[in-house]
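Right, one structure below, let's go through it.
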Number of protein chains: 2
Amino acid sequence: MRFELKILGSNSATPAYGRNQTSQLLNINEKLYLVDCGEATQINLIRYGVKSSRIKYIFISHLHGDHYLGLVGLLSSMNLNGRTDDLTLFGPPPLKEIIDIHLKYADTRLKYPLIFYPTQALHQETILENSDVIVRSFPLDHRVPCTGFRFDERPALAKINIEKVAQLPIPALRFPDLKQGKDYISEEGVIYKSSELTIPPKPTRSYAFCSDTIDSGKYHGAIEGVNLLYHEATFLHDMLPRATETFHTTSLQAAQIALKVNAKKLLIGHFSARYKELEPLLIECQSVFKNAALALEGATFTID
Amino acid sequence: MRFELKILGSNSATPAYGRNQTSQLLNINEKLYLVDCGEATQINLIRYGVKSSRIKYIFISHLHGDHYLGLVGLLSSMNLNGRTDDLTLFGPPPLKEIIDIHLKYADTRLKYPLIFYPTQALHQETILENSDVIVRSFPLDHRVPCTGFRFDERPALAKINIEKVAQLPIPALRFPDLKQGKDYISEEGVIYKSSELTIPPKPTRSYAFCSDTIDSGKYHGAIEGVNLLYHEATFLHDMLPRATETFHTTSLQAAQIALKVNAKKLLIGHFSARYKELEPLLIECQSVFKNAALALEGATFTID
């Protein structure tokens, strides 16, 4: 199953040096999940050849403009392009009010169902479960209510070990139980163990998105052991006072967090417009956490 | 005095083929006036090397997203970039409510004075007069309240014809009156005519912006004799029923309007995303009005 992240924008606050504001696209089993929607997201979707009609879910972390000001334009363009499929939007409760006011004054009624699911920034919550993925929101620690999102691949069922089962008197009717880990007990009372007759599924993969936040530790549990961790790293560590004041993280802190939560790989982003060159942010990060990369626009990362 | 128009975006409804949504920048005597502010306007300002801090006035024609969804982002970036100079914004009354709701949920207070001047789409009105220009809004005919804007260079005073005046017993104290067209009558009752003693100023130049509108004729008076007319031409004329239905204009109609109002030059824009090639729109337009051009992004037009 494909589990892939594409960076559409990764600058903080203001666009700079050709870098756009935060937006990411997850392709999970050919369904598209958009995470944050900074200004010009719809333009970048076109640039990278992504049909916005394929987006099924949109997740907005918080209501600072650099994370959602492209949303109303994208929703409108989907409408103008004839979308009829429903779209599920997750975000802070006032987001609905903001969208509604725009649509009201544009005298526009969306022709597709927009299902709005308000998030809360108080505690971790499962906000979506479908056949491919389980998505949880969790509180980050920012100047306004802000949530991160964790995407866990849905555990697959074990596979029947055909070679072994073929030699035993187990009715095929019982195979689904075996796959789900239940042992089969024959009429004669013989126990056939699921664990011995099945091949366990591949370990599930996971992705977590953390932007924007101060390093307060309150969300570390939610991102424990994640395969790919995107964490904001707005500043170099010499700017720690500024990072703290603005409720952001430094590159060094992002690396320390990745280490602490046992992430397999770290992506840093949400770069301050003060940095023309991003390499120093990566070098600082890798001094603590080696398997790290810059969330550069247009780059694609496979989660494995 | 510089009087120059730069196109930042000229696509309608949705971005397409690298074309962004409506935004234009007027440079009038080194002051910058932004007309409409579609999504990604701030990104295009950076692309074209325009410092947004130089923008003094912003004009929004109407509340369809392709004409203003870049505004909140631009206002926020000005704030983050430390603007303290006041900014005057002209637009439909609900625009204030829309901006306020964004700022409220972002917990942001602009550090510069934002002066909001609500426009109305009922009758022509002078909305701005400064030392360089007189700006009038006028109603267009669209699906929601929409205004055009006309920028007229402020008439300069006549110049004293020094050679002639030097030979006459006119006190220098009276020169300002002569410049303003008042004759001077000496104590002996001799009349010295202003018209004979002054050099008339250069004719004033003007620019008019008309987007979006159906060709209803109700605004033709407001754009009479304009030097440069920007008029929307969303469709080719074979799409007239669609243009009418959506309250837009065809390229042919734009040309007919330019001819009727005695415009000196016509710029067409607000191109439908259905057109990859824009040349056919220009050819159709020039079949009726020769001095016409496409409002291509990045192009600059001197008004003369």
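Just so it is clear, none of the values below were taken in a lab; they were calculated from the coordinates. Predicted model only: the values in this text are computed from it and were never measured. Neighbour counts run over all protein chains shown; Cβ positions are idealised from the backbone, glycine included.
By DSSP, the beta bridges lying fully in the protein assembly as shown are antiparallel in about 55 percent of cases. Which GluC sites (Glu not before Pro) from segment B:159-260 combine a DSSP loop assignment with at most 11 other Cβ atoms within 10 Å? Filter output for segment B:159-260: B:E187, B:E188.
The protein assembly as shown gives an Rg/Rh value of 1.13, both radii derived from C-alpha positions and Rh following Kirkwood. Among A:S195, A:S287, A:S23, the residue with the largest mean-square fluctuation in a Gaussian network model of chain A, with springs joining Cα atoms closer than 10 Å, is A:S195. Charges were assigned to the Cβ only: +1 to each Lys and Arg, -1 to each Asp and Glu. The resulting dipole of segment B:1-160 about its Cα centre is roughly 380 debye. A dipole drawn for chain B from +1 and -1 charges on Cβ atoms has a positive end, and of B:V135, B:G49, B:L294 the residue lying farthest that way is B:G49.
Placing +1 on the Cβ of every Lys and Arg and -1 on the Cβ of every Asp and Glu, with no other charges, gives chain A a dipole of roughly 480 debye about its Cα centre. Rounded to two decimals, the Cα radius of gyration of chain B over 2.2 N^0.38 Å is 1.14.
Per residue of B:52-65, other chain Cβ atoms within 10 Å of the residue Cβ number 2 on average.
Springs between Cα atoms under 10 Å define the GNM used for chain B, and in it the highest mean-square fluctuation of B:S186, B:S137, B:S61 occurs at B:S186.
Remark: for residue pairs A:K218/A:K260; A:K96/B:K111; A:K202/A:K264; A:K31/A:K179, the C-alpha separation exceeds 19 Å in A:K96/B:K111; A:K31/A:K179. The helix-only estimate of mean residue ellipticity at 222 nm for the protein assembly as shown, built from DSSP H runs of length n ≥ 4 each weighted as -39500 (n - 2.57), is -5500 deg cm²/dmol after division by the residue total. Annotation: Cα Rg of segment A:24-170 relative to the compact-globule expectation 2.2 N^0.38 Å equals 1.28.
Considering segment B:148-233 at the alpha-carbon level, its Rg and Dmax are found to be 20.0, 62 Å.
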